[in-house]
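A.B. asks: Dropping a structure here in structure tokens format, bear with me for questions.
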Amino acid sequence: MSAATTKTARPRIGAEAIAGKGWLGAHNWLILRRLSQLGILALFLAGPWFGVWIVKGNLSSSLTLDLLPLTDPFLLAQSLAAGTLPYKEALIGAGIVVAFYLAVGGRVFCSWVCPMNLVTDAAAWLRRRLGLKGGKIPSGDTRYWLLGFMLLAAFATGSLAWEWVNPVSMLHRGLIFGFGLAWGIVGGVFLYDLLIATRGWCGHLCPMGAFYSLLGSTALVRVSAAHRSACDDCMDCFAVCPEPQVIRPALKAAGQDHPVILDRNCTNCGRCIDVCGKNVFRITTRFDRSES
Ligand code: SF4
Ligand code: SF4
């Protein structure tokens, strides 16, 4: 027998969860998220692609069934910084979006709605499969500086400066019109995450993600490591979490005495719930501090 086969290999991430809960049970939240992301994308593309206009517009500003206006509050903030007074519909639309993310967590936008998450998740998955390590990761605070800079840029130029380079809008435009620059920017984010900084774009740079994390700071819906006494330190949750720094305080009682993940950068993606073979995590509210 060769040395390679005698060495104990580390089980694949989530293997214990799959063995215990079955493949579906260990991918519940991931499947729901993909359905949500692709379903929302399909609603937006059904109009320009097939002439079925259930939703008009894009993730920045839309009208559903000619009735429900939704506006990206970050776009509204840029618009105000640029000195443009928004229409009443835009204010109502932004109010609805803000109320929703105040309740469920701002970064739910990142994990359940934003199509760029498909791109950055793909880069993270490929990076794990290829065993790529290292790279140069910017500070997690960089996104907040960029957020401030983008609002300043809007103020200074009187325009929605961020929208010229926003990969989220670019991806939409690329899918509808298929032209080159959009794909260049989206491809650049993918390669950046794959080759330079693990989870670099969404976890450290994207000002939109930063905006939504601030918006959801006090959100009601939270993930809890409620059964943390069962944790066997396999580290699978840390490996799949897009913001792994958020887990430690709750799971390891580092600096807090309850198991609820309160960090505003938790995206409520539920992936930690999926991959945990010991069923440590569950979705609950920020007020449920119980352990079981
Ligand atoms: S961080 Fe930015 S690009 Fe990433 S999922 Fe959130 S909004 Fe989309
Ligand atoms: S802690 Fe869990 S729910 Fe929160 S971002 Fe990480 S994997 Fe997703």
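A.B. asks: Between a first residue in the stretch 252-268 that is within 16 Å of ligand 1 (Cβ to nearest atom) and a second residue that is among the β-branched types (Val, Ile, Thr) and open to solvent by less than 10 Å² (accessible area, probe 1.4 Å), which pairs have beta carbons less than 8 Å apart while being 6 or more apart in sequence or on different chains?
C.D. replies: These pairs meet every condition: ASP263/VAL246; ASN265/VAL246; CYS266/VAL223; CYS266/VAL246; ASN268/VAL223.
A.B. asks: What residue, among those in the stretch 104-123 that are open to solvent by 20 Å² or more (accessible area, probe 1.4 Å) and more than 16 Å from ligand 2 (Cβ to nearest atom), is nearest to the chain's Cα centre (by Cα)?
C.D. replies: Among those that are open to solvent by 20 Å² or more (accessible area, probe 1.4 Å) and more than 16 Å from ligand 2 (Cβ to nearest atom), it is VAL119.
A.B. asks: Do the conditions hold for THR198, that is, is it in contact (Cβ under 8 Å) with a residue 40 or more places away in the chain and either within 16 Å of ligand 1 (Cβ to nearest atom) or more than 16 Å from LEU102 (Cβ to Cβ) (or both)?
C.D. replies: Against the criterion (in contact (Cβ under 8 Å) with a residue 40 or more places away in the chain and either within 16 Å of ligand 1 (Cβ to nearest atom) or more than 16 Å from LEU102 (Cβ to Cβ) (or both)), THR198 qualifies.
A.B. asks: Ok, one more. Only one of these conditions is not met by HIS204: (1) closer than 30 Å to LEU76 by Cβ; (2) without any contact (Cβ under 8 Å) to a residue 40 or more places away in the chain; (3) within 16 Å of ligand 2 (Cβ to nearest atom); (4) not charged (D, E, K, R). Which number is it?
C.D. replies: (2)
A.B. asks: While we're here: Considering only residues that are over 20 Å from CYS110 (Cβ atoms) and touching a helix residue (DSSP H, G or I) at 6+ places or on another chain (Cβ under 8 Å), which ones fall in the stretch 161-190?
C.D. replies: If the condition is that a residue be over 20 Å from CYS110 (Cβ atoms) and touching a helix residue (DSSP H, G or I) at 6+ places or on another chain (Cβ under 8 Å), then ALA161, ILE176, PHE179, LEU181, TRP183 are the ones that fit.
A.B. asks: Name every residue in the stretch 268-280 that is open to solvent by 10 Å² or more (accessible area, probe 1.4 Å) and either more than 11 Å from ligand 2 (Cβ to nearest atom) or in contact with an Asp or Glu (Cβ under 7 Å, 6 or more places away or on another chain) (or both), in order of residue number.
C.D. replies: CYS276, GLY277, LYS278, ASN279
A.B. asks: Among the numbered criteria (1) surrounded by fewer than 22 Cβ atoms within 10 Å (Cβ to Cβ); (2) of a type in the set (A, V, I, L, M, F, W, C); (3) in contact (Cβ under 8 Å) with a residue 12 or more places away in the chain; (4) part of a helix (DSSP H, G or I), which one does PHE238 miss?
C.D. replies: Among (1) surrounded by fewer than 22 Cβ atoms within 10 Å (Cβ to Cβ); (2) of a type in the set (A, V, I, L, M, F, W, C); (3) in contact (Cβ under 8 Å) with a residue 12 or more places away in the chain; (4) part of a helix (DSSP H, G or I), PHE238 violates only (3).
A.B. asks: Continuing with this model, one more query. Could you list, in sequence order, the residues of the stretch 129-179 that are open to solvent by less than 30 Å² (accessible area, probe 1.4 Å) and farther than 30 Å from GLY47 by Cβ?
C.D. replies: GLY140, ARG143, LEU147, ALA153
A.B. asks: Run down LEU85, LEU75, LEU68 and say which single residue is exposed (fewer than 15 other Cβ atoms within 10 Å of the Cβ) and closer than 17 Å to LEU151 by Cβ.
C.D. replies: The match here is LEU85.
A.B. asks: Out of the stretch 148-178, which residues are β-branched (Val, Ile, Thr) and within 22 Å of VAL113 (Cβ to Cβ)?
C.D. replies: VAL165, VAL168, ILE176
The values are calculated or read from the model by the stated rules, or taken from the named source; none is laboratory data. It should be emphasised that the depicted structure is a prediction, and the values quoted were computed from it without experimental measurement. All Cβ positions, glycine included, derive from the backbone under ideal geometry; neighbour counts span all protein chains shown. Surface areas here come from the heavy atoms of the whole protein model, side chains and all, with no ligands, DNA or RNA. Shrake-Rupley method; radii C 1.70, N 1.55, O 1.52, S 1.80 Å.
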